[in-house]
1. Counting only residues that are of a type in the set (S, T, N, Q) and within 18 Å of Glu135 (Cα to Cα), how many does segment 52-92 have?
2. Do the conditions hold for Leu131, that is, is it under 26 Å from the mean Cα position of the chain (by Cα) and modelled with pLDDT of 95 or more?
3. Is it the case that Ile166 is closer than 21 Å to Ala65 by Cβ and either without any contact (Cβ under 8 Å) to a residue 60 or more places away in the chain or open to solvent by 70 Å² or more (accessible area, probe 1.4 Å) (or both)?
4. Picking from Met67, Met1, Met46, which residue would you name as being more than 26 Å from Val124 (Cα to Cα) and touching a residue at least 24 places away in the same chain (Cβ under 8 Å)?
5. Those residues that are surrounded by 11 or more Cβ atoms within 10 Å (Cβ to Cβ) and assigned to a loop (DSSP other than H, G, I, E, B), I need them from segment 178-206; list them, please.
6. Kindly indicate whether any position in segment 64-77 is surrounded by fewer than 16 Cβ atoms within 10 Å (Cβ to Cβ), at pLDDT 90 or above and either part of a helix (DSSP H, G or I) or in contact with a His (Cβ under 8 Å, 6 or more places away or on another chain) (or both).
7. For segment 44-63, what are the residues that are part of a helix (DSSP H, G or I) and over 17 Å from the mean Cα position of the chain (by Cα)?
8. Can you pull out every residue in segment 34-43 that is surrounded by 15 or more Cβ atoms within 10 Å (Cβ to Cβ) and either free of Cβ contacts under 8 Å to residues at least 40 places away in the same chain or β-branched (Val, Ile, Thr) (or both)?
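The values are calculated or read from the model by the stated rules, or taken from the named source; none is laboratory data. This is a predicted model, so every value here is computed, not measured. Virtual Cβ from ideal backbone geometry, glycine too; neighbours counted across all protein chains shown. Accessible surface areas use protein heavy atoms only, side chains included; no ligands, DNA or RNA. Shrake-Rupley method; radii C 1.70, N 1.55, O 1.52, S 1.80 Å.
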Amino acid sequence: MSAALDVVDRDGYDGLTIRAIATLVGAPPMSLYTHFANKEELLDLMYQEVTRRLYVDSGHQTWQAEMLAIAQNVRATLLAHTSWTHLLSRRAPPTAVPVRERLLALMVQDGMSSSGALRSLGAVIGSAIGLTLFELTFLEPDGSSRLTQRLDALKDWLVSEAKGDIEPTTRQAVTQAPSFDLKRTFDFTLATLIAGLAASPDTRAS
């Protein structure tokens, strides 16, 4: 699976072929079919491997800390392997995720209903993937972000003397704020969401 994912990293999702994988591992193409029956089964196995790498158990003792760590790992992994996002959007069979069970158990122990815990986990994972996909849409080939460039340009524009009193509240905010940082914004958003879920009466057991 590592070789198949390496091909996706190198050639993109559409460039994934059995021949390319075989060439990378130095094996005859037909020999790979001892590990899977067809390309669809290969993609299912690749999805399972991506899931394993995304949802890593960091061993935190509270569900809040563990959930934030998972969200941060989702972002870091997908930014490092941008073509893997295609695997996440395909239909795939259910996959065992050990950290999911531990997280849900911690949340239930903390007073959440099991359904509230599952909804909360889905909200955090969905938000982490969604924010990362949003970030990827603004990514330049050199790894810089057009979004960061745009917001930094807004700051320069608003704080210039020539702009006078245009948008004074926004001007004050961007003057006081540090340079826009996507990771800091991601962490703030997810931490705020997780804190809200912990306090929400909709997630608590009756």
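1. Filtering segment 52-92 for residues of a type in the set (S, T, N, Q) gives 58, 61-62, 64, 72-73, 77, 82-83, 85, 89.
Subsequent filtering for residues that are within 18 Å of Glu135 (Cα to Cα) retains 72-73, 77, 82-83, 85, 89.
So the count comes out to 7.
2. Values: under 26 Å from the mean Cα position of the chain (by Cα): yes; modelled with pLDDT of 95 or more: yes.
So Leu131 fits the description; yes.
3. On the way: closer than 21 Å to Ala65 by Cβ: no; either without any contact (Cβ under 8 Å) to a residue 60 or more places away in the chain or open to solvent by 70 Å² or more (accessible area, probe 1.4 Å) (or both): yes.
No: the conditions fail for Ile166.
4. Numbers: Met67 fails: more than 26 Å from Val124 (Cα to Cα); Met46 fails: more than 26 Å from Val124 (Cα to Cα).
Residue meeting the stated conditions: Met1.
5. Result: Phe180, Asp181, Ser200, Ala205.
6. Residues of segment 64-77 that are surrounded by fewer than 16 Cβ atoms within 10 Å (Cβ to Cβ), as a first pass: 65, 76.
Now narrow it down to the ones that are at pLDDT 90 or above: 65, 76.
Right, trim to either part of a helix (DSSP H, G or I) or in contact with a His (Cβ under 8 Å, 6 or more places away or on another chain) (or both) and you get 65, 76.
Within segment 64-77, one or more residues are surrounded by fewer than 16 Cβ atoms within 10 Å (Cβ to Cβ), at pLDDT 90 or above and either part of a helix (DSSP H, G or I) or in contact with a His (Cβ under 8 Å, 6 or more places away or on another chain) (or both).
7. Hits for segment 44-63 are Asp44, Leu45, Trp63.
8. Quick first cut of segment 34-43, residues surrounded by 15 or more Cβ atoms within 10 Å (Cβ to Cβ) only: 36, 42-43.
Residues satisfying the conditions are Phe36, Leu42.
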